[in-house]
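Structure record follows, encoded as structure tokens.
Read the figures in this text as sums done on the coordinates, not as results from a lab. Keep in mind the model is a prediction, meaning the values are calculated, not measured. Here the Cβ is made from the backbone with ideal geometry for all residues, glycine too, and neighbour counts use every protein chain on show.
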Amino acid sequence: MDSKVIAFAREELERYLAKAGYRAQIELGLFEDFGIDEKVEDPFFDDGYVIKIHNNQGYIAGANERSVLFGVYRLLEEWGITWVRPGPNGDHFPENPSSPDLDINEKPSLRYRTMCIEGAISFENVLDMVDYIAKVGFNGYFVQFENAFQFFNAWYTHKQNPYKEPEEFNYQMVDDFMLKLDEEIHKRGLLFHRVGHGWHSFPFGIPDDPNKRPKEAPDWYVDICAEKDGKREVDKNGFYFNQLCFTRPRVIETIADAVIKYFNEHPEVDVLHFWLADALNNTCECDDCTKFRYADAYVNIINEVTDRMKANGITKKIIPIAFLNTLWPPIQEKLRNKECLAMTWAPITRTYVKSFPNGHQRLVAPEYKVNGYQKSYDIDENLSYLYEWQKEFEGDWIDYDYHLMWDQVLEAGGEGIAKIISEDLKNFKSLGLNGLTTCQLQRNAFPTSIGMTVMAKTMWNRDADFDEIREKLYFGTFGRGAAQPLMEYFSTLSECFDLALIKDEASGHDVIDKDADKSEDVAILRAKMETALKAMEEIEPFIKAHFVNYDPCEHDSWRYLDLHRQIYTLLAKSIVARIDGEYEKANQLRDECFDFVFKNEDFLQPVFDCFRFCGIAKGRIRVANPEIGAPALI
Ligand SMILES: [Zn+2]
């Protein structure tokens, strides 16, 4: 009898073959079921499939059950179906079906290919994303914090959208979402990743549920908070950002016990991320904590956790993170029980206008200072921390990255970031990286899913060609005849919404050089905005001519594209006004843009995170008039 995952793979295969109009006889199973002499190192994590089809007959064999499902989706893709985007009408079926013979034997380039929840999201968005990632070959889904409450809260309360009333929403609903999500993830054999931040709070009676949080921190809690400037108190930004005195035995024991309890209470969790508070330069300055580095205290706790995991027979992995003040590796403590670990490195301050190099270029990290971490855009500086950490841990390293978290919504066409994703992934091996966790907005396919698609294809095969992926995606998204002119259109938009100039990222550190003469850069950006405005005006009749389109996927794509044109026209005009020093007008145009976005949110919902778009457009456009200087943020 089929397992649950293989039964689902069969269901999907039959459903899609029927919908596309194919008749075929295809057997599904594991390598050993077909006597295939292929092996992977660790079938829990490692994927691979063999597909052999002749005259619509044959088999799909997987290294594990999840890989059988991946093989099904791969066959469907080879037979003309395109996974255009998550959500409604996201699959594109071929106009002229053909089912060529297939002889495929592949294993992915990266072991960890994980989608991480972010943004303002409904539960349907999450279900759609889980469905989508299996189709394009991600092998894990990561729910951050205890239950990702904040992301759902941002959607269901509709705080920013003046045209929407808050919906019924509470913490119990999120608990129920997680049960259903577990089912959907494991039906596909995907890996369920959980938690990350939170170990500094919920084990100490400070849960994510805002209704269950103490209003005031109890004295005993204040007593274990990080000491800053000689004083212990809860971080001014709240519990979520609050570091503790991580060398205190009571703190270490409580956290280590909590991890074991979590594993025991959550058998559905496949991989547990183990991070401290999400903050920088607020770590404990007491004598014990500053004796060595911050990462020494962290590694000491990690060792306590993995000792207990082994004592309790827990064979799953935890994944700690090198992030902000733990970017510096330990100098005193050594990681024990490395078989219980994979490590993540999060270059959260890096630029997205430049890709990773082929191999480490800078081998020495900046000098360690207690609470002296300096943000840097510089790729090589970010990578230097990884290089130093890799000397301490030679196992699997995963890049926890944010390509599709912020900047992609400023770079209207999405192709610039997609190229960075492609180049980064091609260089992963040379940097000792064996995985990517994409911390990203889930509603993220506007105007197309180019970023996610390139990511998925290049994680699977680092040699995948950017242009081929792009062309195939646009064929599926807009129909064969329109792909060529749209390739030119999107590359014009990406070139003109020039991130380096819009974000003023010419300088190396995260400090805008106020004295530099920017007049030339600003003049270039102004000209680029005018070019973009012209392109968005000229494309209108072409878009409208495609409104009469009965393919449901293409139908939605053209409407998204028309709204996209209108939204980014307003944004470009706002940027031009900023450059001209007309800041009031710039803000008016920007607000007009936001209003238009929110008016259209019902239709845009699955592909565009309107809530986050507004925050990003407010906070990350830094170009200013060279004579007047930067405007006050409103
Ligand atoms: Zn301390």
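Length, then width, then depth: along the principal axes, the Cα atoms of the stretch 130-254 run 53, 38, 23 Å.
Quickly estimate the mean residue ellipticity at 222 nm for the chain, helices only: each DSSP H run with n ≥ 4 gives -39500 (n - 2.57), and the total goes over all residues, rounded to 500.
My calculation for the chain gives -13000 deg cm²/dmol from helical runs alone.
Label-to-label distance, PHE44 versus LEU179, with points set 7 angstrom from Cα along the beta-carbon direction: 2.7 nm. Spacing of the modelled spin labels on ASN105 and ASP591, each 7 Å from Cα toward Cβ, amounts to 6.5 nm. Extension gain, ASP465 to LYS429: 0.36 nm times the residue separation minus the Cα-Cα distance gives 11.3 nm. Taking the convex hull of the alpha carbon positions in the chain and averaging its projected area over all directions gives 28.7 nm². Going by a ≥ b ≥ c, the root eigenvalues of the Cα gyration tensor, does the stretch 396-507 fall in the rounded group (a/c under 1.5), the prolate group (a/b larger than b/c) or the oblate group? Since a/c reaches 1.5 but b/c is at least a/b, the shape of the stretch 396-507 is classed as oblate. Only Cα pairs under 8 Å and 6+ residues apart enter the sum, and on that basis the relative contact order of the chain stands at 12 percent.
Using the Cβ-Cβ distance between ASP235 and SER491 with R0 = 51 Å, the FRET efficiency computed as 1/(1 + (r/R0)^6) comes to roughly 0.70. Spin-label pair ARG622-ASN264: with each label point 7 Å from Cα along the Cα-Cβ axis, the two points sit 4.9 nm from one another.
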